[in-house]
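Here is the structure we will look at, set down as structure tokens.
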Amino acid sequence: MMSIVSGLALSLSGGVAVTGVPASFSDLAYELVLGIPVPVIIALAVLLIAFLVLQYTLLGRRIYAVGGNEEAARLSGIQIGTVKVVAYVFSGMCAAVGSIILTARVASGQPSLGTTLPLESVAAVVLGGISLFGGSRLRRRRRVRGAVRQHSLKWSEFAERFFLHADDGHRGCTDPGRRAGSGLHRLACGWERLML
């Protein structure tokens, strides 16, 4: 399905970025509220809603039950189809919110934007130690650790590319013989060592 929708987006856009996004829309990605970027506030709001739903509602318990053992949930009287549809709808809403923020950041609609995000999302989950085989209630700290590790990998790659200047003879974080980089690069290397 993802390939079909990606192909449809490429076909509709002619393979080029759609520009002309209003400035008020693109400003959404860079606005600050009390010194906090609006995308961070939106992400925290979505995280809080998901936490409250999963932790304190009947729907959350049913989602855990269906994720843990679908057959046992069915035998317990849970309507598995309905629970799956609600979970997929919520997932789709989260993807839509993320897509709106990403579109605002680049101020254009690009048909190939975000093609690596599904892989990065799964990598963050796996790095956090979450089981891919069911909805067991593992510690929330593992989920956060996976997301932070994924972000630190991106940050160290960013530092390598923009602050380390490999073509100038500098080498990576793990090489003890490298010359000292900028303060931001040292910070990125410190995060990499801490998280990996």
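Run down 41, 100 and say which single residue is part of a helix (DSSP H, G or I) and touching a strand residue (DSSP E or B) at 6+ places or on another chain (Cβ under 8 Å). Before you say what the answer is, go through the steps one by one.
On the way: 100 fails: touching a strand residue (DSSP E or B) at 6+ places or on another chain (Cβ under 8 Å).
Answer to the selection: 41.
Note on the range 28-64: residues that are exposed (fewer than 13 other Cβ atoms within 10 Å of the Cβ), of a type in the set (Gly, Ala, Ser) and at negative phi amount to 1.
Taken over the range 106-132, the criterion of being within 15 Å of the chain's Cα centre (by Cα), of a type in the set (Gly, Ala, Ser) and surrounded by fewer than 13 Cβ atoms within 10 Å (Cβ to Cβ) is satisfied by no residue.
Give the number of residues within the range 1-14 that are surrounded by 11 or more Cβ atoms within 10 Å (Cβ to Cβ) and either touching a helix residue (DSSP H, G or I) at 6+ places or on another chain (Cβ under 8 Å) or not hydroxyl-bearing (Ser, Thr, Tyr) (or both). Within the range 1-14, residues that are surrounded by 11 or more Cβ atoms within 10 Å (Cβ to Cβ) and either touching a helix residue (DSSP H, G or I) at 6+ places or on another chain (Cβ under 8 Å) or not hydroxyl-bearing (Ser, Thr, Tyr) (or both) number 5.
Checking 82, 19 one by one, the residue that is modelled with pLDDT under 85 and of a type in the set (Val, Ile, Thr) is 19 and no other.
The values are calculated or read from the model by the stated rules, or taken from the named source; none is laboratory data. Here the structure is a predicted model, which is why all the values come from computation and not from measurement. Every residue, glycine among them, receives a Cβ derived from its backbone with ideal geometry; neighbour counts consider all protein chains shown.
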